[in-house]
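Asker: Okay, here's the structure, questions in a sec.
Each value in this text was obtained by applying a stated rule to the coordinates, not by laboratory testing. Just so it is clear, the structure is predicted and the values come from calculations on it, not from any experiment. Virtual Cβ from ideal backbone geometry, glycine too; neighbours counted across all protein chains shown.
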Amino acid sequence: FPGTYSFYPTAAEEKLVVQSIVDRDYPDYPQGFVYVADTTKLDKHLLLLTQIRDLGIPVILVLNMSDLADQNKIQVDTHKLSDKLAVPVIRVSSRTGKGISELKQLLQRMYEGNLPMPKTNSSFYQIAPEESKLATALEADFPRHNNYQRILIAHHHEWLPFLSEAQKASVAEKVEQTKFNSLQLQVRETMQRYDNFTPIVRSALTEPGSSSRLSEQLDNILTNKILGPLIFFILMLFVFQAIFLWAGYPMDMIEAIFGYATSWVQNVLPAGWFSDLVADGLLAGLGGILVFIPQIAILFFLISLLEEVGYMARAAFM
């Protein structure tokens with residue numbers, strides 16, 4: 001599920017992920033996870049991985065872009081990473097195909113249920129007392145779920161589509177009784193997880209001094225409490241301004257082309273239902289759709305650009 005950064009969704013695709021991992025009756029409830037992370041920005045990608053571990057479902061950590069990591073002289077101790085994160089770790093390159101056959105073998109063993117998992121199974125998050133109390137209270141309502149899944153249901157019960165109105169009311173009542181502060185606990189969990197897995201990543205990765213310093217300097221600026229939101233606002237303003245400003249010229253051109261085509265049809269064809277169908281129906285409808293393509297193309301290009309340079313991961317961290 002690209003575009004998903006945590007189990008606390010801010011977008012539709014993230015909600016789909018949460019829905020699928022807390023609904024035990026979901027037809028596609030996962031047997032296991034393949035978690036693909038960018039080797040060159042590993043510390044920005046592991047929040048969701050540590051949350052997935054707490055679901056009690058097998059997971060494989062795939063370190064992609066290993067060819068780029070080698071070019072940048074980034075070394076990864078996969079054995080240490082696997083031992084500390086308690087998941088199998090494999091390096092691959094989707095560009096060159098390196099490691100893909102080994103990944104297929106791991107997937108086969110996962111499917112057969114004999115994937116060797118590291119001995120340690122400690123969580124990266126210490127559940128708060130009110131969360132523990134609420135998870136116990138929800139056990140009767142959700143007996144097949146583990147404590148972390150029950151906590152996620154409590155966080156998101158208002159919009160989860162598989163819950164009945166009676167279940168939502170029951171969860172809401174227990175949330176009120178245990179004084180469960182959803183927003184405060186989300187922040188607490190996120191910060192605690194980062195505090196726990198960041199030292200592991202730093203100990204398992206060896207980067208050249210210059211690029212590491214540059215990355216840290218960018219982090220200090222782009223995730224700063226004051227500068228970070230300001231830069232985010234400026235970038236989003238630029239994105240939306242670009243969508244409307246840059247797209248204006250091709251949109252005008254598309255409208256002009258379809259306007260000319262409509263006039264041509266009305267002048268050439270005799271007046272009647274067929275002329276109206278082509279001019280006011282087919283051409284007008286097609287033009288009304290195609291005129292938005294420049295805006296959509298620019299939007300996805302800019303989002304992809306921000307993702308590629310690593311800014312989206314930093315924005316998610318903020």
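Asker: With angles folded into 0 to 90 degrees, how steeply does helix 147-156 sit against the dominant principal axis of the chain? Use alpha carbons for both and round to 10.
Answerer: Helix 147-156 sits at roughly 30 degrees to that axis.
Asker: Additional query: Put +1 on the Cβ of each Lys and Arg and -1 on the Cβ of each Asp and Glu in the chain; which of 227, 10, 256 then has its Cα farthest toward the positive end of the dipole?
Answerer: The residue sitting farthest along the positive end of the dipole is 227.
Asker: Something else: Among all the lysines, which ones have a C-alpha under 23 Å from residue 15's C-alpha, if same-chain residues fewer than 8 places away are not counted?
Answerer: 44, 168, 174
Asker: Counting Lys and Arg as +1 and Asp and Glu as -1, each charge on the Cβ, what is the dipole of the stretch 1-105 about the Cα centre in debye, to the nearest 20?
Answerer: Roughly 300 debye, rounded to the nearest 20.
Asker: Between the DSSP loop rule and a limit of at most 15 other Cβ atoms within 10 Å, which chymotrypsin sites (Phe, Trp or Tyr not before Pro) in the stretch 232-300 are left?
Answerer: On the way: sites: 232, 233, 238, 240, 244, 246, 258, 260, 264, 273, 274, 292, 300; in loops: 292.
Of the chymotrypsin sites (Phe, Trp or Tyr not before Pro), the ones in loops of the stretch 232-300 whose Cβ has at most 15 other Cβ atoms within 10 Å are 292.
Asker: Would you mind checking which residues have amide H under 5 Å from residue 33's amide H? H placed 1.01 Å from N; only 5 or more apart, or other chain.
Answerer: 59, 60
Asker: Please give the helix 182-204 orientation as an angle from the longest Cα principal axis of the chain, in degrees from 0 to 90, rounded to the nearest 10.
Answerer: 70 degrees
Asker: Take the alpha carbon atoms of the stretch 14-62, find their center, do the same for the stretch 104-178, and report the distance between the two centers in whole angstrom.
Answerer: Answer, in whole Å: 13.
Asker: So what's the net charge close to residue 318: Lys and Arg +1, Asp and Glu -1, counting the other residues with Cβ under 12 Å from its Cβ?
Answerer: On the way: positive: 44, 225, 314; negative: 219.
Net of charged neighbours comes to +2.
Asker: Net charge near residue 286, counting Lys/Arg +1 and Asp/Glu -1 over other residues with Cβ under 14 Å of its Cβ?
Answerer: After counting each charged neighbour, the total is -2.
Asker: Looking only at 147, 196, 267, which one moves most when the chain is put into a Gaussian network model with springs between Cα atoms under 10 Å?
Answerer: Greatest mean-square fluctuation among the candidates belongs to 267.
Asker: Of the DSSP beta bridges with both residues in the chain, give the percent that are antiparallel, rounding to the nearest 5.
Answerer: 20 percent
Asker: Sticking with this structure for a sec: Using a Gaussian network model of the chain with C-alpha springs under 10 Å, which one of 38, 77, 280 is most mobile by mean-square fluctuation?
Answerer: 280
Asker: Still on this structure, I have one more. Select from 72, 218, 242 the residue farthest towards the positive end of the dipole of the chain; place +1 on Cβ of Lys and Arg, -1 on Cβ of Asp and Glu, and compute about the Cα centre.
Answerer: Working it through, the farthest residue towards the positive pole turns out to be 72.
Asker: With charges only on Cβ, +1 for K and R and -1 for D and E, what is the dipole size of the stretch 180-318 about its Cα centre, in debye, rounded to 20?
Answerer: 560 debye
Asker: Quick query: amide H of residue 91 versus all other amide H atoms, modeled in the peptide plane; which residues come in under 5 Å with a sequence gap of 5 or more or a different chain?
Answerer: 63
Asker: Under the Kirkwood approximation applied to all pairs of distinct alpha-carbon atoms, what is the hydrodynamic radius of the chain in Å?
Answerer: Over the chain, the inverse of the mean reciprocal pair distance is 23.2 Å.
Asker: Test of the criteria: in the stretch 164-254, which trypsin sites (Lys or Arg not before Pro) are in a DSSP loop and have at most 12 other Cβ atoms within 10 angstrom of their Cβ? Mind showing how you got there, number by number?
Answerer: Details: sites: 168, 174, 179, 188, 193, 202, 213, 225; in loops: 179, 225.
Those that pass, being in a loop and sparsely packed, are 179, 225.
Asker: Looking only at GluC sites (Glu not before Pro) in DSSP loops with at most 14 other Cβ atoms within 10 Å, what is the longest site-free stretch of the chain?
Answerer: Segment 159-318 is the longest.
Asker: May I ask which residue of 96, 42, 138 lies farthest towards the positive end of the charge dipole of the stretch 1-138, with charges of +1 (Lys, Arg) and -1 (Asp, Glu) on Cβ and the Cα centre as origin?
Answerer: After comparing all options, I get 96.
Asker: Would you mind working out the magnitude of the charge dipole of the chain relative to its Cα centre, with +1 at each Lys and Arg C-beta and -1 at each Asp and Glu C-beta, to the nearest 20 Debye?
Answerer: Here the chain has a charge dipole of around 1100 debye.
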